[in-house]
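Accompanying notes for the structure given below.
The values are calculated or read from the model by the stated rules, or taken from the named source; none is laboratory data. All figures in this text were calculated on a predicted structure; none of them were measured in a lab. Don't worry about glycine lacking a Cβ; one is built from the backbone with ideal geometry, like all the others, and counts go over all protein chains shown.
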Amino acid sequence: MTAPPATRVLGIDRAAIEAAARCLAAGGLVAFPTETVYGLGADATDGRAVARLYEAKGRPAFNPLIAHVSDVAAARKLAHFDADAARLAEKFWPGPLTLVLPKAEGCLVADLATAGLDTIAVRVPKHPVAQNILKAFGKPIVAPSANRSGHVSPTNAAHVLADLRGRVDLIIDGGATPVGIESSIVACLGEPILLRPGGVPREDIERTLGRPLAQPPRAVEAAAGDAAPAAPGMLAAHYAPHTPLRLDVAAVAPGEALLAFGPQMPAGAGQAARVLNLSPRGDLVEAAANLFSHLRDLDAAAAPCIAVMPVPGNGLGEAINDRLRRARRGVTP
Ligand code: TXA
Ligand code: MG
């Protein structure tokens, strides 16, 4: 397959939304903002467009995609909702939650997009640009994060261009994404399980369910490398920058880059090659929004190592720590 000759970048006016819908209808690839991160969209019902999308990302084809729809009614045409799923959808949609559910009979999403599974990941995004594109297009859109496979997720259009210029048809530039980390993924295939911590904190999900989330099977957390994951999506190297990471540091070595959190600087911060703070006031929501962008910027500093201060594990801190651990593991020593 040939790469698109050029990547167009448009704003978010009506003409841009219509161009996005036309491009998707023609089997094209359109990157657009959601409230979490930028997604790389393709017509979910068009197997050839989905194949192009895997090719553009350089993504292992066994890793299934999230189908994005504009509302719960559209989601119900794709998947079967039990009582827990219905409660979570009611509470958190539109918003940064993805549900993995049994695929509905007559679901039009291409088998390639669900990697042949009998389950499907569905999400109703809240971002107005994503909503407008979904409404203008009128069909489900599969959209992984708009980065090359193995790189950190993009939170602005410049990140998307850096990874995918010349590989996608169109980028809709809607500025920085407000949440900054990917959606939380909950499987409702029995007792609800948190497959990926993300934009909706575990505590909020559990409050809505009225009970704790079940523990995922160990295989889910351990899955990595080339073997098809037992529960896909948990490739350990998924969020890797190129520079090695050192987590929970109390002291910085001279020449290291520092990813700080909160008002107190660690020992040696004055000799760091570059310092970026996720949230000087120690706010986890602000930290999530800055995480991938700061990781990219520190990666570009070409320091021998990125030293990362401890980030608390409550609220969005669970997802932040998850991404930091993956970013560290992704680098082969
Ligand atoms: O916030 C987000 O979720 C962003 C925006 C663009 O919506 N999308 C995103 O997509 O993060 P992606 O493809 O980078 O991550 C989706 C994850 C993958 O790890 C995939 O393996 C998992 O969802 N997934 C998809 N379908 C699944 C299924 N049927 N069972 C288990 N995991 C699934
Ligand atoms: Mg991704």
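For segment 172-191, filtered to residues that are crowded, with 23+ Cβ neighbours inside 10 Å and under 15 Å from residue 102 (Cβ atoms), the residue that is nearest to ligand 1 (Cβ to nearest atom) is 187. Can you work out which of the residues in segment 85-128 that are of a type in the set (S, T, N, Q) and modelled with pLDDT of 95 or more is nearest to residue 212 (Cα to Cα)? Within segment 85-128, the match that is nearest to residue 212 (Cα to Cα) is 98. The residue of segment 231-281 that is surrounded by the fewest Cβ atoms within 10 Å (Cβ to Cβ), among those that are modelled with pLDDT of 95 or more and on the phi > 0 side of the Ramachandran plot, is 248. Scanning segment 117-174 for residues that are more than 17 Å from residue 28 (Cβ to Cβ), within 16 Å of ligand 2 (Cβ to nearest atom) and in a helix (DSSP H, G or I) yields 159, 162, 163. Scanning segment 101-119 for residues that are touching a residue at least 24 places away in the same chain (Cβ under 8 Å), near ligand 1 (Cβ under 9 Å from one of its atoms) and over 16 Å from residue 46 (Cα atoms) gives 101, 103, 117, 119.
Could you check how many residues of segment 137-148 are within 9 Å of ligand 1 (Cβ to nearest atom) and either touching an Asp or Glu at 6+ places or on another chain (Cβ under 9 Å) or within 15 Å of residue 292 (Cα to Cα) (or both)?
The qualifying residues number 4.
Just for segment 192-216: of the residues that are in contact with a strand residue (DSSP E or B) (Cβ under 7 Å, 6 or more places away or on another chain) and over 21 Å from residue 67 (Cα atoms), which one is nearest to ligand 1 (Cβ to nearest atom)? Here the residue is 216.
Find the residue count for segment 87-113, including only residues that are assigned to a loop (DSSP other than H, G, I, E, B) and crowded, with 23+ Cβ neighbours inside 10 Å. Write out each step before concluding.
Applying the first criterion (assigned to a loop (DSSP other than H, G, I, E, B)) to segment 87-113 yields 93-96, 104-113.
Keeping just the survivors that are crowded, with 23+ Cβ neighbours inside 10 Å gives 96, 109, 113.
Of the residues in that region, 3 qualify.
Considering 36, 7, 45, the condition of being surrounded by 17 or more Cβ atoms within 10 Å (Cβ to Cβ), among the polar types (S, T, N, Q), under 22 Å from the mean Cα position of the chain (by Cα) and closer than 13 Å to residue 137 by Cβ is satisfied by 45 alone. For the condition assigned by TED's automatic domain parsing to the domain that holds residue 188, over 17 Å from the mean Cα position of the chain (by Cα) and of a type in the set (Lys, Arg), residue 91 qualifies.
Checking each residue in segment 43-69 for being in a strand (DSSP E or B) and either under 15 Å from residue 115 (Cα atoms) or free of Cβ contacts under 8 Å to residues at least 60 places away in the same chain (or both) picks out 66, 67.
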